[in-house]
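The values are calculated or read from the model by the stated rules, or taken from the named source; none is laboratory data. Just so it is clear, the structure is predicted and the values come from calculations on it, not from any experiment. Cβ: placed from backbone, ideal geometry, glycine included. Neighbour counts: every protein chain shown. Ligands, DNA and RNA are stripped out before the accessible areas are found, and what is left, the full protein with its side chains, is counted by its heavy atoms. Shrake-Rupley method; radii C 1.70, N 1.55, O 1.52, S 1.80 Å.
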Amino acid sequence: MAASLLNRALKPIKHPNFLSSLRSFNFTSTAANPSDGPSSSSFTFDNTNSICLKPPASNESTEKTTSVTMPMSFMTGSIVGKRFYEKVTTRESDDGVGWTVMLDYRTLKTPSKRPLKLPTLALAKAIAAEWEYQHTDGIRPFTMPLMKLACTALERVPLTRTKIIEHLMKKFDQDLVFCRAPEDNTLTAGVHARQVEKVDPLLAWLNSEFGFKPIVYSSFFGGKQGEGLTTAVVNLLKKTDDCELAAIDALAAAAHSLVIALGIFRGKLQIDEAIELIRLEEDLQVDKWGLVEGGHDVDIADLKVQIASATVFLGLSRKNLFD
């Protein structure tokens, strides 16, 4: 069932090795220990049989009267409490619009106690899988990228949509793909040649997609793009739904490129192609000088997780794929 849903979600991305890439994420499943009660976790319960993250210990005395906020440890990747549940399931939301995740008999909520109502069953099952594969000794947020993106889409994007778009466009002129290494310099000639080979097809697609030719600069800081292209990109971002904008924002942050993020969003780029573009110059340096263990390899692994998880989230959140 899960494989079938993933296949349908990722079909528009045209990435044949996507499912095998997903399976390569090595999560170890450990059954919950019944002796680990909720008092040992960083979660709290309410009278609606729902569950949400508990505020820091200093605020415990006002827990019932204050808003629940996500602990800093959830954002930094530390272990958050212990696994206190045994079974993870999904069900249709009470209003019949969307799907929720159940930890035993309790409904999972966002940090601000909003229902974690997801647009598709496929996305709900994927997030349920993240919760299922948690260890008995603690919840590990760094193994739950889809959960983080879902919370961002449900809580942050609706409140800060305008600021997110402004932030993306603020860096648009310095986009990675608009910065071209000098051709007449012996130190950068190889980089320039690889950019022409790999980046120019993406720039040609950008011209075809939006009707405006991008401007390439031989500068690390890029340069101002034309008003027509800038306006067209802004209009596209404004038309996205909350899940789409959350995914684009995450992709652009990881790639240092809104254009690469839009390439994935529109199905132009596969994940491996996007990663190759992002690492183009650094990979040339690695080929020349060698890979630093504990440095380059960690960066590559982290980049793959960020790009793959945001792309999976994007695909699984699209309702029309599962109608």
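Could you please let me know if E273 is among the acidic types (D, E) and surrounded by fewer than 15 Cβ atoms within 10 Å (Cβ to Cβ)? For E273, the condition - among the acidic types (D, E) and surrounded by fewer than 15 Cβ atoms within 10 Å (Cβ to Cβ) - is not met. For region 267-293, taking the residues that are at pLDDT 90 or above and of a type outside the set (A, V, I, L, M, F, W, C), the one that is farthest from L176 (Cα to Cα) is identified as G267.
Just one of the listed residues (A150, A129) is crowded, with 19+ Cβ neighbours inside 10 Å and closer than 19 Å to A308 by Cα, and it is A150.
Of everything in region 227-243 that is open to solvent by less than 60 Å² (accessible area, probe 1.4 Å) and among the polar types (S, T, N, Q), the residue that is farthest from K148 (Cα to Cα) is T230. Selection of region 90-101 for residues being open to solvent by 20 Å² or more (accessible area, probe 1.4 Å) and either under 17 Å from M144 (Cβ atoms) or among the hydrophobic types (A, V, I, L, M, F, W, C) (or both) yields T90, V97, W99.
For A246, the conditions (1) open to solvent by 50 Å² or more (accessible area, probe 1.4 Å); (2) farther than 18 Å from L206 by Cα; (3) touching a residue at least 60 places away in the same chain (Cβ under 8 Å) all hold with the exception of (1). Every condition in (1) hydroxyl-bearing (S, T, Y); (2) modelled with pLDDT under 95; (3) out of contact with any helix residue (DSSP H, G or I) (no Cβ under 7 Å at 6 or more places or on another chain) is met by T143 except one, and the failing one is (3).
Any idea which residue in region 289-323 is nearest to A254 (Cα to Cα), counting only those that are part of a loop (DSSP other than H, G, I, E, B) and in contact (Cβ under 8 Å) with a residue 60 or more places away in the chain?
Here the answer is S317.
Being under 29 Å from R161 (Cβ atoms) and open to solvent by 30 Å² or more (accessible area, probe 1.4 Å) is the filter here; which residues of region 186-209 pass it? W205, N207, S208, E209 - these are the residues of region 186-209 that are under 29 Å from R161 (Cβ atoms) and open to solvent by 30 Å² or more (accessible area, probe 1.4 Å). Among all positions in region 161-171, there is at least one residue which is at pLDDT below 95 and surrounded by 15 or more Cβ atoms within 10 Å (Cβ to Cβ). In region 207-230, the residues that are at pLDDT below 90 reach residues that are in a loop (DSSP other than H, G, I, E, B) with C-beta atoms within less than 6 angstrom, at least six apart or across chains, in these pairs: S218/R180; S218/P182.
Does region 178-192 include one or more residues that are within 23 Å of L262 (Cα to Cα), free of Cβ contacts under 8 Å to residues at least 40 places away in the same chain and among the aromatic types (F, W, Y)? Within region 178-192, none of the residues are within 23 Å of L262 (Cα to Cα), free of Cβ contacts under 8 Å to residues at least 40 places away in the same chain and among the aromatic types (F, W, Y).
Against the list (1) assigned to a helix (DSSP H, G or I); (2) closer than 30 Å to A153 by Cα; (3) of a type outside the set (D, E, K, R), the condition V286 fails is (2).
Checking the structure you have, find out if any residue of region 294-317 is open to solvent by 40 Å² or more (accessible area, probe 1.4 Å), under 19 Å from A181 (Cβ atoms) and modelled with pLDDT of 85 or more. So far as region 294-317 goes, no, none of its residues is open to solvent by 40 Å² or more (accessible area, probe 1.4 Å), under 19 Å from A181 (Cβ atoms) and modelled with pLDDT of 85 or more.
Matching residues to (1) among the hydrophobic types (A, V, I, L, M, F, W, C); (2) under 18 Å from I165 (Cα atoms); (3) under 19 Å from the mean Cα position of the chain (by Cα); (4) open to solvent by 30 Å² or more (accessible area, probe 1.4 Å):
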{"site": "V216", "(1), (2), (3), (4)": "yes, no, no, yes"}
{"site": "Q225", "(1), (2), (3), (4)": "no, yes, no, no"}
{"site": "G263", "(1), (2), (3), (4)": "no, yes, yes, no"}
{"site": "Q285", "(1), (2), (3), (4)": "no, no, no, yes"}
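Quick check: is even one residue across region 104-118 closer than 30 Å to D283 by Cα, open to solvent by 20 Å² or more (accessible area, probe 1.4 Å) and over 22 Å from the mean Cα position of the chain (by Cα)? For region 104-118, residues closer than 30 Å to D283 by Cα, open to solvent by 20 Å² or more (accessible area, probe 1.4 Å) and over 22 Å from the mean Cα position of the chain (by Cα): absent.
If we scan region 175-183, do we find a residue that is under 22 Å from V234 (Cβ atoms), surrounded by fewer than 17 Cβ atoms within 10 Å (Cβ to Cβ) and of a type in the set (A, V, I, L, M)?
No, because not a single residue in region 175-183 is under 22 Å from V234 (Cβ atoms), surrounded by fewer than 17 Cβ atoms within 10 Å (Cβ to Cβ) and of a type in the set (A, V, I, L, M).
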